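A.B. asks: This is the structure, below, for whatever I ask next.
The values are calculated or read from the model by the stated rules, or taken from the named source; none is laboratory data. Here the structure is a predicted model, which is why all the values come from computation and not from measurement. All Cβ positions, glycine included, derive from the backbone under ideal geometry; neighbour counts span all protein chains shown. Please note that ligands, DNA and RNA were not included when accessible areas were found on the heavy atoms of the full protein model with its side chains. Shrake-Rupley method; radii C 1.70, N 1.55, O 1.52, S 1.80 Å.
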Amino acid sequence: MVVAAGVLAWSVGTTASGRVSASTDNRSSLFTSAVVDLEVATGQATQLLFDVDGLYPGRVETSCVEVTYTGSLDADVRLHGRATGGTGLDDYLATTIELGRMATGDCESFVADEALFDERLSGLTARHGSYEQGIRLAAAMTPGEQLALRASVSVLDDDAAQGLGSEFWVIVEARP
């Protein structure tokens, strides 16, 4: 028995190329990527806020959007803002953003569950200007889950706001 083991070791160690080689079979390997995606309800504008001219004190503009998470794994969803231009009106825009639900997909049926932001628009872009600093909407949103947002804005009664403009993005972003 000892002699047979020695012969086997010697013959494996002296192949034609002088190297020891071996292989094994396994099932094929497969990698797939996950999907992280948010969709806006059909028929709704994709902008959360507004494109409004002629704001004046006392005029309140309101907009709503319903978002469905269509990803393949749970995701953290946050809201953040980004100033993209303008002449300073964001310092004079009283802005409220609420999280809730809509029964019929329009602002008239919106029911607020939580006030997320209630101050000047410039505060949103200054303190919540990136995903990392964003306002958390859902810690682990699951595929098929929905949320609704309502934003209201009005210009403050301040003469310094006259003739100013503001350009910005309000972004709803999901990450795993």
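A.B. asks: Inside the stretch 78-97, can you point out the residues that are part of a helix (DSSP H, G or I) and open to solvent by 60 Å² or more (accessible area, probe 1.4 Å)?
C.D. replies: D91
A.B. asks: If the Cβ limit is 9 Å and pairs must be 6+ apart or interchain, which residue in the stretch 105-129 that is touching a residue at least 60 places away in the same chain (Cβ under 8 Å) pairs with which residue that is of a type in the set (G, A, S) and open to solvent by 50 Å² or more (accessible area, probe 1.4 Å)?
C.D. replies: So the pair list comes out as G105/G43.
A.B. asks: Looking only at the stretch 54-99, count every residue that is of a type in the set (G, A, S) and either without any contact (Cβ under 8 Å) to a residue 60 or more places away in the chain or in contact with an Asp or Glu (Cβ under 7 Å, 6 or more places away or on another chain) (or both) and tell me the total.
C.D. replies: Residues flagged as of a type in the set (G, A, S) and either without any contact (Cβ under 8 Å) to a residue 60 or more places away in the chain or in contact with an Asp or Glu (Cβ under 7 Å, 6 or more places away or on another chain) (or both) within the stretch 54-99 amount to 5.
A.B. asks: Please pick out the residue among S109, S63 that is at pLDDT 90 or above and in contact with a strand residue (DSSP E or B) (Cβ under 8 Å, 6 or more places away or on another chain).
C.D. replies: S109
A.B. asks: Which numbered condition in (1) farther than 26 Å from S166 by Cα; (2) of a type in the set (G, A, S); (3) not in a strand (DSSP E or B) is the only one that G100 fails?
C.D. replies: Evaluating G100 over (1) farther than 26 Å from S166 by Cα; (2) of a type in the set (G, A, S); (3) not in a strand (DSSP E or B) leaves (3) as the failure.
A.B. asks: Enumerate the strands (runs of 3 or more DSSP E) found wholly within the stretch 108-176, keeping only those where 3 or more residues are open to solvent by less than 70 Å² (accessible area, probe 1.4 Å), more than 17 Å from A83 (Cα to Cα) and hydrophobic (A, V, I, L, M, F, W, C).
C.D. replies: Working: elements: 110-120, 135-141, 146-155, 166-175.
Once the strands (runs of 3 or more DSSP E) in the stretch 108-176 are filtered for at least 3 residues that are open to solvent by less than 70 Å² (accessible area, probe 1.4 Å), more than 17 Å from A83 (Cα to Cα) and hydrophobic (A, V, I, L, M, F, W, C), what remains is 110-120, 135-141, 146-155.
A.B. asks: Within the group T125, T104, which residue is polar (S, T, N, Q) and within 20 Å of the chain's Cα centre (by Cα)?
C.D. replies: T125
A.B. asks: Now, a different point. Quick one: is R101 open to solvent by 20 Å² or more (accessible area, probe 1.4 Å), under 15 Å from W169 (Cβ atoms) and of a type in the set (K, R)?
C.D. replies: No.
A.B. asks: Next question. Within the group A16, A9, A22, A45, which residue is modelled with pLDDT under 65, of a type outside the set (V, I, T) and part of a helix (DSSP H, G or I)?
C.D. replies: That would be A9, the only listed residue that is modelled with pLDDT under 65, of a type outside the set (V, I, T) and part of a helix (DSSP H, G or I).
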